[in-house]
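Working notes, beginning with the structure itself.
The values are calculated or read from the model by the stated rules, or taken from the named source; none is laboratory data. Since the model is a prediction, treat every value here as computed from it, not as a measurement. Methodologically, a virtual Cβ is constructed for each residue, glycine included, from the backbone with ideal geometry; neighbour enumeration extends over all protein chains shown.
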Amino acid sequence: MAIATLSRFTVPLASDQSASAQGMLMPKLKYRFRVMFENFGVSTPTTELTKQVSEAKRPVASFKDIPIEVYNSVFHLAGKGTWEAMSIKLRDDVTGSVSKLVGEQMQKQFDFFEQASAAAGSDYKFTMRLEILDGGNGASTPNVLETWECYGCYVTKVDYDTNNYGTQEALTISLTIQPDNCLQTAGTIGVGTPVTRLTGTGTTGGGAR
């Protein structure tokens, strides 16, 4: 009886949508994640970056708005889709491993000593993989609940943090990363999953949408 009552910790739905007592689904938790980098910097491996990540923003997509002016009204269409810049915060370790890899990536994009830029984007762009985990560790292998693969990434900004006698926090290196494209490739499949492409016969109404 005591366990049965927990199934009522939910939102009541209409009778034709689901059972009245179904319980809540376990949410994904913010602190169960890891971030991996491919072709970042020059030194290998890049696992020190993965171990020192403290914060990682999931991708944000946006569409340009196209307003269409007609007589007394305005309606809107979705324009080009784009992925916004993502933020990653790394702890700056005492061995300098993280700072070295970040510096190498910056030098790949632009040689600050020689003042020479890279010849092509392929010379410095990298892939970043963000995985949401279920909390497993050690003998219990973690299951991946969601994977975001971000392609064509480069660093648009590096913030080496501020020293401060009045705090006891760890120094960090904050990266702003711009991807060309992001796909969900495992676990929760959504972005990148093929859907039927519809073609309508009208702009706002009628026809197959």
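In table form, for the structure just shown:
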item: Hits in region 97-130 (condition: without any contact (Cβ under 8 Å) to a residue 24 or more places away in the chain and surrounded by fewer than 12 Cβ atoms within 10 Å (Cβ to Cβ)); result: Phe112, Phe113, Glu114, Gln115, Ala116, Ser117, Ala119, Ala120, Ser122, Asp123
item: Those residues of region 63-78 which are closer than 27 Å to Met128 by Cα and surrounded by 11 or more Cβ atoms within 10 Å (Cβ to Cβ), in sequence order; result: Phe63
item: Number of the condition not met by Asp92 [criteria: (1) more than 25 Å from Cys153 (Cα to Cα); (2) modelled with pLDDT of 95 or more]; result: (1)
item: Pro45, sole failed condition from (1) out of contact with any strand residue (DSSP E or B) (no Cβ under 6 Å at 6 or more places or on another chain); (2) more than 23 Å from Leu171 (Cβ to Cβ); (3) at pLDDT below 95; result: (2)
